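Presented below is the structure to which this report refers.
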Amino acid sequence: MVFPLAFLFLMFTVRLVESLENAQWYFLGVKPLSFEGLLGIITAPLIHADWGHFLANAGPFLVLASVLFYVYRDIAFKVFFWIYFLSGVWLWFGARAAWHIGASGLVYGMASFLFLSGIIRNYVPLIAVSMLVIFLYGGLFWGLFPLKWQVDYSWEAHFWGTLAGGVVAVVYRHEGPQKPPVEDDEESDGDWDDIMN
């Protein structure tokens, strides 16, 4: 939990400084198809509109990142980086002309990865993680497609984060924890026959 806690502390510190300075650092978000919005690919997940926005992301972020770094520890940093990077880049290319801030793209990306990765690997413990994610955060996916275009949250970050998590799950499907190979029945019988003879 070291990295998830450290990253959460960084997000908290940024929000605290914004609050103490009575400032809004929206200009560090992603503004699609604009030069000034490019920096947001790196900084947007650290910026939140208010404490309510921060807290809405902080809990799911800590839980999902902790599960990611515990269950998929061998590839967790790569998974986290690619979700972070891809969701930000795709958001810059495909979203409304507005400032997009917050860690929700990361949250949706990790939820998507943890769910899909367990299903792809077809390994009972990882499928259990998939089911846990759905049980805890299945409601997140209502935020993927809003009923109207103009809403007060970045549903595009949710969409691109989910897609990034899915793509990363497919790309890294052969790395990290895997289903143990099943022993061939004939080989097992042969070994038993050898022992008996």
Extension gain from PHE27 to TRP142, taking 0.36 nm per residue of separation minus the Cα-Cα distance: 38.7 nm
Size of electric dipole in region 1-84: Cβ of Lys, Arg +1 and of Asp, Glu -1, about Cα centre, debye, nearest 20: 240
Here are labelled values, [x] 13.4; [y] 17.2; [z] 11.9, and one is the computed mean projected area of the Cα convex hull in nm² for what I pasted. Which one? [x]
Taking every other residue with Cβ under 14 Å from the Cβ of TRP82 and scoring Lys and Arg +1, Asp and Glu -1, one gets +1
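Nothing charged except the Cβ atoms of Lys and Arg (+1) and of Asp and Glu (-1): what's the magnitude of the dipole of the chain about its Cα centre? Round to the nearest 20 debye.
Roughly 1380 debye, rounded to the nearest 20.
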Highest GNM mean-square fluctuation among HIS48, HIS174, HIS158, for the chain with Cα springs under 10 Å, belongs to HIS174
Have a look at HIS158, GLY118, ALA76 and report the one farthest towards the positive end of the charge dipole of region 2-196, computed about the Cα centre with Cβ charges (Lys/Arg +1, Asp/Glu -1). HIS158
Rounded to the nearest 500, what is the 222 nm mean residue ellipticity of the chain from helices alone, with -39500 (n - 2.57) per DSSP H run of 4+ residues and division by all residues? -20500 deg cm²/dmol
To the nearest 20 debye, what charge dipole does region 66-166 have about its Cα centre, counting +1 at the Cβ of each Lys and Arg and -1 at the Cβ of each Asp and Glu? 100
What do you get for the angle between helix 104-121 and the principal long axis of the chain? Use alpha-carbon atoms, 0 to 90 degrees, nearest ten. 10
Tell me the angle of helix 2-20 to the major Cα principal axis of the chain, expressed in degrees between 0 and 90 and rounded to the nearest ten. 10
Ranked by GNM mean-square fluctuation in the chain (Cα springs under 10 Å), the top entry among LEU91, LEU62, LEU106 is LEU62
Nearest 10 degrees, 0 to 90: helix 124-137 Cα axis against the chain principal axis: 30
Who wins for biggest fluctuation among LEU140, LEU39, LEU20 in a Gaussian network model of the chain, springs between alpha carbons below 10 Å? LEU20
Amide hydrogen neighbours beyond the local backbone of HIS100, cut-off 5 Å, H modeled: VAL30, LYS31
Sort TRP90, TRP51 so that the residue with the fewest other Cβ atoms within 10 Å of its own Cβ comes first and the one with the most comes last. TRP51, TRP90
Placing each pseudo-label 7 Å from Cα in the direction of the beta carbon, VAL170 and LEU38 end up separated by a distance in nanometres of 2.9
Among ALA23, LEU38, GLY94, which residue has its Cα furthest toward the positive end of the charge dipole of region 15-100, with +1 on Lys/Arg Cβ and -1 on Asp/Glu Cβ? GLY94
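Read-outs: derived from the displayed coordinates by stated rules, not from any lab. Here the structure is a predicted model, which means the values were calculated and not measured. Positions of Cβ are generated from backbone atoms using ideal geometry, with glycine treated the same way; all protein chains shown enter the neighbour counts.
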